[in-house]
Amino acid sequence: MEAPAAQGPAEPSGPSGASGPADVEITVTSPEQMRELGRRLAKLLRAGDLVMLSGELGAGKTTLTRGLGEGLGVRGAVTSPTFVIARVHPSLGDGPPLVHVDAYRLSGGLDEMEDLDLDVSLSDSVIVVEWGEGKVEELTEDRLRLRIERAVGDTTDEVRHVTVTGLGERWARADVSVLAG
């Protein structure tokens, strides 16, 4: 199994120690590499972390989250929560549970998501939100954003370009460049 190759510099682009965004660009060429990226991401995460995933339908958001669940050692198969909105995967060990949210069908912001009690779950869980841009940013200033881009149209191209952006003080201190392999 080969690790995803880094595209461009693997160092964060923001100034060292700054609280601004730090981007890492990663090229993934297969679903297994996307899962491996999720497993590597799990090593950086801790209770209280919010991860926002964006990308076209079929870009690999759930595949990445499946690897993240494997890396965190949580119970239950990680599948798309599109129709149930959110799934909680308890930890099989002493790590945090994974709360996997799909906000695709939610049109409002955080107000519409209040019933999910994400603000209550955040302190003791890792929360991953697919399609969360414009909806969950108010939960915390410290969040990790992953944008997954792929070729669109009638294609069998498995190549994905993942941009990882750490926001807030928590991620300004973290070395997200390790995700590039």
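The values are calculated or read from the model by the stated rules, or taken from the named source; none is laboratory data. Predicted model only: the values in this text are computed from it and were never measured. Just so you know, the surface numbers come from the protein's heavy atoms only, side chains and all, with ligands and any DNA or RNA stripped out. Shrake-Rupley method; radii C 1.70, N 1.55, O 1.52, S 1.80 Å.
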- Taking 0.36 nm per residue of separation and subtracting the Cα-Cα distance, what length does fully extending residue 138 through residue 47 add? 31.0 nm
- Item | Ranked order, 147, 173, 40, 35 - accessible area, probe 1.4 Å, largest first | 173, 147, 35, 40
- Task: Scan around residue 52 for amide H atoms under 5 Å from its own, H built in the peptide plane at 1.01 Å from N, and keep only partners 5 or more places away or cross-chain.
- Result: 129, 144, 145, 146
- Tell me, what HN-Hα J-couplings in whole Hz come from the Karplus equation 6.51 cos²θ - 1.76 cosθ + 1.60 at θ = phi - 60° for each residue of the range 121-132, using x for Gly and Pro? 6, 4, 5, 10, 10, 9, 10, 10, 10, 7, 6, x
- Query: In nm, what is the difference between 0.36 nm times the number of residues separating residue 173 and residue 57 and their Cα-Cα distance?
  - Reply: 38.6 nm
